[in-house]
Amino acid sequence: MVKLFSRRRQRRGSTILVIGLGRFGSAVAESLMHMGHEVLGADADMQLVESMADKLTQTVQIDSTNINALRQLGVCDFEAAVVGIGTDMEASVLTTMALVDLGMNVIWAKANNARHGRILERTGAHHVIYPEARMGERVAHIIAGKMIDYIEFDEDFALVKTRAPAILHDRTLADSDIRKSHGVTVVGLKSPHASFTYAQADTVVRRDDLLIVSGRIEDVERFAALK
């Protein structure tokens, strides 16, 4: 038997199933709700289910490794599923397999390590994510460099937030021509007590400005290290 805990439904965006309401799953589910999507949160732990009941469109206690329970839940009516089970690899893989067998079109699955990720991929997950590894890598770049934030998009491309170096102070981006001299592009800028804005060729960079810079990893790291 599947028992649902519901709050008032209001159709706004996509309908997404999040299985596993631990730290990762609950964070994803709440963020999706804030973005305007309808979210059904599912977990085998009733305490977690009840704790999220007022935050999500619906929550349900369910054994997600049981394909019949998932079928009863109507998982194929959802546009995407997120398998956020982290501590139990077997449950993660069996849940993903059940969703594949039921014909779920888009499955995002959390992996704890490379071996777990390979199994999920072979099981049929469309997207495998490594949140712990990504966060560790992000923090390492921030600690080792002068950047304030760091997001890696590919093996050789990143976006960073950093303070404006002295070579840019009181100059327009066109005058400094940092794309030619440093191989990076300033895509956004934030002055004190103001919001981020798109950078233009005639944008003047001031001493206390924060910059959003994109480029190859080695180039943005070198640029962020400038004083």
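Note on the chain: dipole from Cβ charges, positive end direction compared against Ile212, Tyr150, Ala42; the farthest Cα belongs to Ile212. Computed from point charges on the beta carbon alone (+1 for Lys and Arg, -1 for Asp and Glu), the dipole magnitude for the chain about its Cα centre is near 460 Debye. Computed 3J(HN,Hα) for the range 160-172, one whole-Hz value per residue from the Karplus formula 6.51 cos²θ - 1.76 cosθ + 1.60 where θ = phi - 60°, is 10, 10, 8, 7, 5, x, 4, 5, 9, 4, 6, 10, 7, glycine and proline marked x. Normalised size of the range 185-227, defined as Cα radius of gyration per 2.2 N^0.38 Å with N residues, equals 1.17. Sequentially through the range 116-122, phi angles give Karplus couplings (6.51, -1.76, 1.60; θ = phi - 60°) of 4, x, 4, 5, 4, 5, 5 Hz, Gly and Pro residues having no value and appearing as x.
Taken about its Cα centre, the range 158-219 carries a charge dipole of about 140 debye when Lys and Arg each add +1 at the Cβ and Asp and Glu each add -1 at the Cβ.
Its residue count N sets the reference 2.2 N^0.38 Å, and the alpha-carbon radius of gyration of the range 141-227 equals 0.99 times that reference. Principal axis analysis of the Cα atoms in the chain yields extents of 67, 39, 28 Å, listed in decreasing size.
Estimated purely from DSSP H runs of n ≥ 4, each contributing -39500 (n - 2.57), the mean residue ellipticity at 222 nm for the chain is -9500 deg cm²/dmol once divided by its residues. Listed by chain and number, the lysines placed with their C-alpha closer than 28 angstrom to that of Lys55 are Lys3, Lys110; residues fewer than eight positions away on the same chain are left out. For a straight C-alpha distance cut-off of 26 angstrom, the lysines reachable from Lys161 (same-chain residues fewer than eight places away being disregarded) are Lys146, Lys180, Lys190, Lys227.
Only bridges whose two residues both fall in the chain count here: according to DSSP, what percent of them are antiparallel, nearest 5? Mind dumping the intermediate values first?
On the way: 26 of 45 bridges.
So the antiparallel bridges amount to about 60 percent of the total.
Between the helical axis of 23-34 and the longest alpha-carbon principal axis of the chain there is an angle of about 80 degrees. Remark: spin-label model distance Ser51-Lys190 equals 3.0 nm, labels positioned 7 Å along the Cα→Cβ axis.
Rule-based calculations on the coordinates, nothing more; no lab input. Here the structure is a predicted model, which means the values were calculated and not measured. Note that we place each Cβ from the backbone using ideal geometry, even for glycine, and neighbour counts take in every protein chain shown.
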